[in-house]
Amino acid sequence: MSPKRVESTIEIGGRGVVLSNPEKILFPRDAYAKRDLVGYYRTMAPHILPYLKDRPLTIERFPDGIDGPTWWEKEKPRGLPPWVRTVAVDASTRRDHIEFVVCDDEATLAYVANLGSIVLHVWYSHVPTLDTPDFILIDLDPYECGIATLARVALRFRAELADIGLHPLVKTTGGSGLHLVIPLEPRYDYEMAKNFAQLIAHRVNAVAPGDTTLERALAKRPKGRVYLDFVQVGKGKTFVAPFSVRARDGAPVSMPLRWPDVEAMRRKRAPETSAEMARWTIANVPRLVAKNGDPWAADGWVPQRLEAPLDKARALWG
């Protein structure tokens with residue numbers, strides 16, 4: 001006999017959000033249930049929603065928790081409440097378009113979390129300018145190297161970008177690495193954004209060859225270095241949003257950082273990065289943000305242009 005389905009309805013801004021099986025355990029080693037996930041996202045909604053607003057959302061579902069089967073949904077789920085906003089995007093397949101969920105409010109965030117969507121994956125661009133990304137992301141992926149090496153590489157990116165007049169932000173991936181983010185004015189196409197990501201990645205690899213690698217194949221990647229992944233930028237590709245939970249033991253969060261946090265990591269001697277990167281979780285992030293605010297708010301999400309930095313890069317780097 002299958003277990004009885006338990007449902008309750010919560011009111012958020014006059015919208016009834018149905019929660020199914022709120023006691024369902026999603027993180028078995030930590031005993032976090034669906035109600036904990038929904039509660040985290042509701043608490044963090046004022047801080048998360050600015051990074052989700054107007055962006056197509058890809059739903060990665062874990063209905064039986066992080067140990068169970070998972071699947072990705074681009075098309076809006078069946079039975080979508082009428083108050084959930086969607087956006088139709090031209091499809092590259094035989095279908096005319098894909099209708100994505102857009103998470104603009106707390107009620108939609110709670111609805112998505114109730115689906116068992118632990119991780120929030122959103123586009124690099126937003127409606128109505130889906131062809132022009134508003135940031136560049138480079139994934140700093142450590143391969144059997146310490147936290148000091150990872151921090152050193154992130155700080156090298158900051159220095160090289162500062163030399164040409166750009167100011168990046170940084171966050172944890174929620175795994176073992178860091179995401180470097182360069183906010184942009186939404187005026188460049190994806191090809192230009194990816195080309196710039198490639199340019200800066202090659203520059204950092206050239207000046208820090210002992211700490212970095214551009215080798216994509218894991219079997220060929222040298223240990224003790226940080227892989228500079230610049231190929232994730234592209235229309236339809238997604239990134240893990242700031243403050244998103246990751247589907248890993250401990251329920252870690254992709255946490256925005258201030259640069260002094262990274263400078264402090266450079267002085268640590270931890271032989272691997274996973275434990276350091278996983279110390280921000282659904283258990284402590286709401287309290288930290290309530291006390292200190294969004295770490296990116298201090299540095300500011302400032303959209304930047306690329307023309308002058310590219311001119312400086314040509315002059316300085318050849």
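The values are calculated or read from the model by the stated rules, or taken from the named source; none is laboratory data. Keep in mind it's a predicted model, so treat the numbers as computed, not measured. In this analysis, Cβ positions are derived from the backbone assuming ideal geometry, glycine residues included, and neighbour counts consider all displayed protein chains.
Things worth noting here:
- Of all residues making up the stretch 13-25, the number that are of a type in the set (A, V, I, L, M), farther than 22 Å from F100 by Cα and in contact with a helix residue (DSSP H, G or I) (Cβ under 6 Å, 6 or more places away or on another chain): 0
- Listed by first and then second residue, the pairs with beta-carbon distance under 8 Å, at least 6 apart or on different chains, first residue in the stretch 165-194 and free of Cβ contacts under 8 Å to residues at least 60 places away in the same chain, second part of a loop (DSSP other than H, G, I, E, B) and of a type in the set (S, T, Y), are D189/T132.
- Residue in the stretch 213-231 that is small (G, A, S), in contact with a Ser or Thr (Cβ under 8 Å, 6 or more places away or on another chain), more than 27 Å from D294 (Cα to Cα) and not assigned by TED's automatic domain parsing to the domain that holds Y40 present: yes
- Within the stretch 69-108, if we keep just the residues that are part of a loop (DSSP other than H, G, I, E, B), within 19 Å of V38 (Cα to Cα) and of a type in the set (A, V, I, L, M), the residue that is farthest from the chain's Cα centre (by Cα) turns out to be L80.
- Residues considered: M255, M265. Of these, the only one that is aliphatic (A, V, I, L, M) and at pLDDT below 95 is M265.
- Test: residue in the stretch 127-139 that is in contact with a Gly (Cβ under 8 Å, 6 or more places away or on another chain) and either at pLDDT 95 or above or of a type in the set (F, W, Y) (or both): yes
- Qualifying residues in the stretch 77-109 (those that are polar (S, T, N, Q) and at pLDDT below 95) - the one surrounded by the fewest Cβ atoms within 10 Å (Cβ to Cβ): T93
- Test: T149 is part of a loop (DSSP other than H, G, I, E, B) and polar (S, T, N, Q): no
- Pairs where the first residue, in the stretch 12-23, is under 14 Å from V112 (Cα atoms) and the second is hydrophobic (A, V, I, L, M, F, W, C) and part of a strand (DSSP E or B), C-beta under 8 Å, 6+ apart: G16/I10; V17/I10; L19/I10; P22/A33
- Those helices (runs of 4 or more DSSP H) lying entirely in the stretch 278-318 with at least 3 residues in contact with a Gly (Cβ under 7 Å, 6 or more places away or on another chain) and modelled with pLDDT of 95 or more: 307-317
- Within the set A275, A264, A206, A193, the sole residue that is in a helix (DSSP H, G or I) and crowded, with 17+ Cβ neighbours inside 10 Å turns out to be A193.
Matching residues to (1) among the polar types (S, T, N, Q); (2) more than 28 Å from M192 (Cβ to Cβ):
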position: P81; (1), (2): no, yes
position: H97; (1), (2): no, no
position: F100; (1), (2): no, no
position: C103; (1), (2): no, no
position: T129; (1), (2): yes, no
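- Residue within the stretch 48-59 that is assigned to a loop (DSSP other than H, G, I, E, B), acidic (D, E), closer than 21 Å to K237 by Cα and out of contact with any Phe, Trp or Tyr (no Cβ under 7 Å at 6 or more places or on another chain) present: yes
- For I66: the one exception among (1) outside any loop (DSSP other than H, G, I, E, B); (2) touching a Leu at 6+ places or on another chain (Cβ under 8 Å); (3) not small (G, A, S): (1)
- For H47, the conditions (1) surrounded by fewer than 17 Cβ atoms within 10 Å (Cβ to Cβ); (2) under 16 Å from V245 (Cα atoms) all hold with the exception of (1).
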